[in-house]
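Below is one structure, written out as structure tokens; comments come after it.
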Amino acid sequence: METQNNLHIPDELLARLQTKAQSEGRTVDEIAEETLRIGLEDRLWQELLTYGLDRGRASGYTEDDVSRVVRENRDRHR
């Protein structure tokens, strides 16, 4: 089920949405929805990457340690 919502966006951005929608033969709503979906997915990936970088730094290991640590871990679990 879809809910009617109102978003306030700058005129310049609306003009860009309208131009894009017209060039693709789609509605402004379709372009806006797709763009929001992609943007939110990208934010989730960025949060995951930031989390991974933070955890990596906190571990005390360096990038040079990765191959050795992976190899040792695999050896322990065989």
- Inspect all residues belonging to segment 7-15 and state whether any of them is in contact (Cβ under 8 Å) with a residue 12 or more places away in the chain and surrounded by 10 or more Cβ atoms within 10 Å (Cβ to Cβ). yes
- Item | Flag for Asp42 being modelled with pLDDT of 95 or more and among the charged types (D, E, K, R) | yes
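Considering Glu34, Glu47, which residue is at pLDDT 95 or above, charged (D, E, K, R), surrounded by 10 or more Cβ atoms within 10 Å (Cβ to Cβ) and over 22 Å from Asn6 (Cβ atoms)?
On the way: Glu34 fails: over 22 Å from Asn6 (Cβ atoms).
Of the residues listed, the single one that is at pLDDT 95 or above, charged (D, E, K, R), surrounded by 10 or more Cβ atoms within 10 Å (Cβ to Cβ) and over 22 Å from Asn6 (Cβ atoms) is Glu47.
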- Message: Can you say whether Arg55 is part of a helix (DSSP H, G or I), surrounded by fewer than 10 Cβ atoms within 10 Å (Cβ to Cβ) and basic (Lys, Arg), as far as the supplied structure shows?
- Response: yes
- Query: Glu12: at pLDDT 95 or above, part of a helix (DSSP H, G or I) and charged (D, E, K, R), yes or no?
  - Reply: yes
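When segment 58-78 is examined, which residues are found to be among the small types (Gly, Ala, Ser) and surrounded by 10 or more Cβ atoms within 10 Å (Cβ to Cβ)?
So the first thing to find is which residues in segment 58-78 are among the small types (Gly, Ala, Ser), and the list is 58-60, 67.
If the condition is that a residue be among the small types (Gly, Ala, Ser) and surrounded by 10 or more Cβ atoms within 10 Å (Cβ to Cβ), then Ser59 is the only one that fits.
The values are calculated or read from the model by the stated rules, or taken from the named source; none is laboratory data. This structure is a prediction, so every number in the text was calculated from the model and none was measured. Glycine also receives a Cβ, built like all others from the backbone with ideal geometry; neighbour counts cover every protein chain displayed.
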